[in-house]
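Input: a single structure, listed below in structure tokens.
Taken together, the values in this text are just the output of simple stated rules run on the coordinates, not laboratory data. Note that this is a predicted model, so its numbers are computed, not measured. Reconstructed Cβ throughout: ideal geometry from the backbone, glycine too, with neighbour counts over all protein chains shown.
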Ligand code: NIG
Ligand code: FE
């Protein structure tokens, strides 16, 4: 049996439980001073305070009196893509909007062209590098979407790459099928046919290969309408894919209301979410997965996170790592923005990037908190307390990352 004993923890900060926290519970985390954690065979076996016990054959790691939290969970990434889009920066600086760039053939379509050209091996190498970087920032579990293939062969290729990475990389990666990310150029005049392809050809193949857990759709002006999004998500349900939805990112066309109606596990972005959307999500038990680094990159406003917490919607936060609207995979920056822009407390923010993020990808029974029975995924921070990591901006403060009881 492999054992890791983490001692001399100045502050252990963690949410508790196996389900998303909402309302006042989102900020009600456990703080233990002078703590220790024992991990056995990758699973947390004991948590205590005061003098650590002597454990035979355990590898002892001294946390140096620092902060320890659960490994962070990045619940929303577009990890698999070819190329980058630094060429769009100049257009942005000259005032072109995200949708103008997309409609001019840039945006998702240009990344689709690059992703179709890339081999599975090339995509794997590129994504593995991103995963290494994410782990260096303290992320131990992430979600990854397809959505830059937009053709059966290439959507399946992307999901296969995620599966391969899961087998070879220490990160736990939860796969989402997002064939409905954009109507690709060749179907622009025949969008019904593309939606048919997504629902009747891609989804059955995804189910047969067992390579996705969720189905996501970009419900947005000039992309997929509310009715088209409903059609895609209902078809996904038939194939065992739980619904997620990119909603209210740029225009509020009704995506958050749909999320509540359809009982999506999560709705993403919600930058311009109206009160009716918040109400619908609260009723439908939807987790709001907020992506503040995207607001930052788009120069947009920030989602009404406080209204969501007040309305009893559990709030998660993630990076949205992608080559266009958010070329950022640093979840620590998201933590900063959660406090500074959403005005969430450090405790609410910690829950948003651990337990609630885990719940948004149906992993809250395994990760997202430091408790007996959960995976031994932990971060030792170069920080004395939780406030410090929320307040310091621009440095990587993750000192040691532990995945299933192993030092990374
Ligand atoms: O979440 N909104 C849709 N998808 C991504 C952006 C994709 C891209 O720009 O390549 C997002 O923002
Ligand atoms: Fe996204």
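State yes or no: is residue 133 part of a helix (DSSP H, G or I) and either under 27 Å from residue 379 (Cβ atoms) or within 16 Å of ligand 1 (Cβ to nearest atom) (or both)? It is true that residue 133 is part of a helix (DSSP H, G or I) and either under 27 Å from residue 379 (Cβ atoms) or within 16 Å of ligand 1 (Cβ to nearest atom) (or both).
From the list 61, 37, the lone residue that is in contact (Cβ under 8 Å) with a residue 60 or more places away in the chain, closer than 27 Å to residue 143 by Cα, more than 16 Å from ligand 2 (Cβ to nearest atom) and outside any loop (DSSP other than H, G, I, E, B) is 37.
Here is a yes/no grid of residues against (1) within 28 Å of residue 130 (Cα to Cα); (2) within 16 Å of ligand 1 (Cβ to nearest atom):
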{"residue": "154", "(1), (2)": "yes, yes"}
{"residue": "181", "(1), (2)": "yes, yes"}
{"residue": "184", "(1), (2)": "yes, yes"}
{"residue": "189", "(1), (2)": "no, no"}
{"residue": "205", "(1), (2)": "yes, no"}
{"residue": "217", "(1), (2)": "yes, yes"}
{"residue": "226", "(1), (2)": "no, yes"}
{"residue": "242", "(1), (2)": "yes, no"}
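Within the stretch 249-268, if we keep just the residues that are more than 16 Å from ligand 2 (Cβ to nearest atom) and part of a helix (DSSP H, G or I), the residue that is surrounded by the fewest Cβ atoms within 10 Å (Cβ to Cβ) turns out to be 261. Picking from residues in the stretch 142-173 that are closer than 19 Å to residue 208 by Cβ and not in a helix (DSSP H, G or I), the one that is nearest to the chain's Cα centre (by Cα) is 146.
Counting the residues of the stretch 272-294 that are touching a residue at least 24 places away in the same chain (Cβ under 8 Å), touching a helix residue (DSSP H, G or I) at 6+ places or on another chain (Cβ under 8 Å) and either farther than 19 Å from residue 343 by Cβ or surrounded by fewer than 22 Cβ atoms within 10 Å (Cβ to Cβ) (or both) gives 10. Scan the stretch 340-363 for residues that are within 17 Å of the chain's Cα centre (by Cα), assigned to a loop (DSSP other than H, G, I, E, B) and buried (at least 24 other Cβ atoms within 10 Å of the Cβ) and jot them down. Answer for the stretch 340-363, where residues must be within 17 Å of the chain's Cα centre (by Cα), assigned to a loop (DSSP other than H, G, I, E, B) and buried (at least 24 other Cβ atoms within 10 Å of the Cβ): 353, 354, 361.
Scanning the stretch 78-120 for residues that are surrounded by fewer than 18 Cβ atoms within 10 Å (Cβ to Cβ) and either within 15 Å of ligand 2 (Cβ to nearest atom) or under 21 Å from residue 295 (Cα atoms) (or both) yields a count of 15. Scan the stretch 65-77 and tell me whether some residue there is in a loop (DSSP other than H, G, I, E, B) and within 16 Å of ligand 2 (Cβ to nearest atom). Checked the stretch 65-77: at least one residue is in a loop (DSSP other than H, G, I, E, B) and within 16 Å of ligand 2 (Cβ to nearest atom). With respect to the conditions (1) surrounded by 24 or more Cβ atoms within 10 Å (Cβ to Cβ); (2) without any contact (Cβ under 8 Å) to a residue 60 or more places away in the chain; (3) away from ligand 1 (no atom under 12 Å from the Cβ), residue 246 falls short on a single one, namely (3).
Condition first: in contact with a strand residue (DSSP E or B) (Cβ under 8 Å, 6 or more places away or on another chain) and farther than 26 Å from residue 93 by Cβ. Can you find one or more residues in the stretch 291-302 that meet it? Within the stretch 291-302, not a single residue is in contact with a strand residue (DSSP E or B) (Cβ under 8 Å, 6 or more places away or on another chain) and farther than 26 Å from residue 93 by Cβ.
Taking the listed residues 46, 16, the one that is touching a residue at least 60 places away in the same chain (Cβ under 8 Å) and surrounded by fewer than 15 Cβ atoms within 10 Å (Cβ to Cβ) is 46, with no other qualifying.
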